[in-house]
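K.L.:
Here's a structure for you.
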Amino acid sequence: MKRSIKSHGKLVGLIGHPISHSWSPMIHETAFKITNQDYHYATFDVHPKNLREALKGLMALGIVGCNVTIPHKEAVMEFIDELSADARLVGAVNTIHIENDSLVGYNTDIDGVVEALKPYREQIADQSVTVFGAGGGARAAVYSLISYYHPAQIFVINRDVSRAELMKKFFSDSQNYNNLKVVELHNLDEGNVIESSRLVINATSVGMSPSPDENVMTADPKDLEGKIFFDLVYNPVETRFLRDARKKNATTVSGIDMLYNQAAKSFEIWTGMSMPLDKVRAKLDPRFIAARVTARRKTVVH
Ligand code: NAP
């Protein structure tokens, strides 16, 4: 019997653990469709113990590149052949591209943070900023703040203080930045730190679906007028962190703005083309994506 062999185009994807929350597949698939490119975006749930083998597998399978999400953004650095200048300065990778048989690591979360905060540049300069979290996303946020927004000081609040201290040392060594102060999560100082900050960022995964009722911030200031609250978590689009802040008159910025902008940069690295961001956003209704992601989660077998 004669079989026809169909080309399945080029493959990019996402490695993380878990990955079912991610909206990246829909954003990239939509962009490939609009730009008429024969690429596909696959998701790979990779346990941390299999990370090295998974990256070897990417090379062996001829995959063009991938995004990297929780919890691998820092750990993946060890297995990368070359780092872009930004990824080296952040100490985290969220995009890999295979170039001349080498794994090259980039950090497009920086582009995401910088774009999402652009309207607030003047309000942030010379002010205090608080960042909850000390993982890969937090590193991109802190790097973007230091390099593009020049706040007076940055408080990093994290559950694991030693991880935040490592980040502090990293930015002191690599950027000569010495205005980063570490605070333990749920420490009594949290209220004062928030009170004194113009911008408060959640770069932890707390509040992410399927636990949308959680808020990493336990301090309960009365009024947040004049403050900006930015959540890296984008699923749900308005997290509890943002909802609570909005009710107290803060300006809120959803992680969705960052998500689209980091995706556009990854798309450009893989394909050499600009992502038509407005067209992609116009096609994707957040409620539709959320429903698709929920359906996908129900079908995941662990
Ligand atoms: P990560 O490297 O795994 O770091 C996770 C961070 O969350 C750590 O600071 C961790 O604290 C903290 N955390 C986790 N569970 C916690 C809990 N129950 N209580 C308190 N803190 C907790 O992850 P990541 O890559 O930085 O991502 C963090 C979040 O940002 C994820 O939801 C991710 O989807 C989102 N993100 C969004 C975008 C976007 O484009 N919008 C881009 C990047 C990341 P410990 O250090 O104490 O464990």
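The values are calculated or read from the model by the stated rules, or taken from the named source; none is laboratory data. Source: prediction; values computed, not measured. Don't worry about glycine lacking a Cβ; one is built from the backbone with ideal geometry, like all the others, and counts go over all protein chains shown. We work out accessible area using only protein heavy atoms, side chains counted, and drop any ligands, DNA or RNA first. Shrake-Rupley method; radii C 1.70, N 1.55, O 1.52, S 1.80 Å.
K.L.:
Have a look at Ile96, Ile154, Ile146 and point out the one that is in contact with a Cys (Cβ under 6 Å, 6 or more places away or on another chain) and either at negative phi or aliphatic (A, V, I, L, M) (or both).
P.N.:
Details: Ile154 fails: in contact with a Cys (Cβ under 6 Å, 6 or more places away or on another chain); Ile146 fails: in contact with a Cys (Cβ under 6 Å, 6 or more places away or on another chain).
Answer to the check: Ile96.
K.L.:
Being free of Cβ contacts under 8 Å to residues at least 24 places away in the same chain and either near the ligand (Cβ under 9 Å from one of its atoms) or on the phi < 0 side of the Ramachandran plot (or both) is the filter here, so list the residues in region 160-188 that pass it. Before you say what the answer is, go through the steps one by one.
P.N.:
The first filter runs over region 160-188 and keeps only residues free of Cβ contacts under 8 Å to residues at least 24 places away in the same chain, leaving 161-162, 165, 168-169, 172-173, 176, 178, 188.
Of everything in region 160-188, those that are free of Cβ contacts under 8 Å to residues at least 24 places away in the same chain and either near the ligand (Cβ under 9 Å from one of its atoms) or on the phi < 0 side of the Ramachandran plot (or both) turn out to be Val161, Ser162, Glu165, Lys168, Lys169, Ser172, Asp173, Asn178, Leu188.
K.L.:
If we keep just the residues of region 202-211 that are more than 7 Å from the ligand (Cβ to nearest atom) and at pLDDT 95 or above, which is surrounded by the fewest Cβ atoms within 10 Å (Cβ to Cβ)? Quick ask: steps written out before the conclusion?
P.N.:
Initially, region 202-211 is screened for residues more than 7 Å from the ligand (Cβ to nearest atom), giving 202, 207, 209-211.
Imposing the further condition that a residue be at pLDDT 95 or above reduces the set to 202, 207.
Values: Asn202: 30, Gly207: 25.
So the residue we want is Gly207.
K.L.:
In region 164-201, which residues are open to solvent by less than 40 Å² (accessible area, probe 1.4 Å), more than 21 Å from Leu117 (Cα to Cα) and among the polar types (S, T, N, Q)?
P.N.:
Once the filter is applied, which keeps residues that are open to solvent by less than 40 Å² (accessible area, probe 1.4 Å), more than 21 Å from Leu117 (Cα to Cα) and among the polar types (S, T, N, Q), region 164-201 yields only Ser172.
K.L.:
How many residues are assigned to a helix (DSSP H, G or I), surrounded by 20 or more Cβ atoms within 10 Å (Cβ to Cβ) and among the aliphatic types (A, V, I, L, M) when one looks only at region 255-285?
P.N.:
Qualifying residue count, region 255-285: 6.
K.L.:
Looking at region 79-86, can you tell me whether even one residue there is open to solvent by less than 10 Å² (accessible area, probe 1.4 Å), touching a helix residue (DSSP H, G or I) at 6+ places or on another chain (Cβ under 8 Å) and of a type in the set (A, V, I, L, M, F, W, C)? Before the answer, list the steps.
P.N.:
Quick first cut of region 79-86, residues open to solvent by less than 10 Å² (accessible area, probe 1.4 Å) only: none.
No, the conditions are met nowhere in region 79-86.
K.L.:
Considering only strands (runs of 3 or more DSSP E) fully contained in region 1-90, which possess at least 2 residues that are over 28 Å from Ser144 (Cβ atoms)? Even if it seems obvious, please write down each step before you answer.
P.N.:
Working: elements: 10-16, 39-45, 65-68.
In region 1-90, the matching strands (runs of 3 or more DSSP E) lie at 10-16, 39-45.
K.L.:
Being more than 10 Å from the ligand (Cβ to nearest atom), open to solvent by less than 20 Å² (accessible area, probe 1.4 Å), under 23 Å from Asn249 (Cα atoms) and in the same structural domain as Ala219 (by TED's automatic domain parsing) is the requirement here; does Ile157 meet it? Don't jump to the end; show me each part of the working.
P.N.:
Working: more than 10 Å from the ligand (Cβ to nearest atom): no; open to solvent by less than 20 Å² (accessible area, probe 1.4 Å): yes; under 23 Å from Asn249 (Cα atoms): yes; in the same structural domain as Ala219 (by TED's automatic domain parsing): yes.
Judged against the criteria, Ile157 is not a match.
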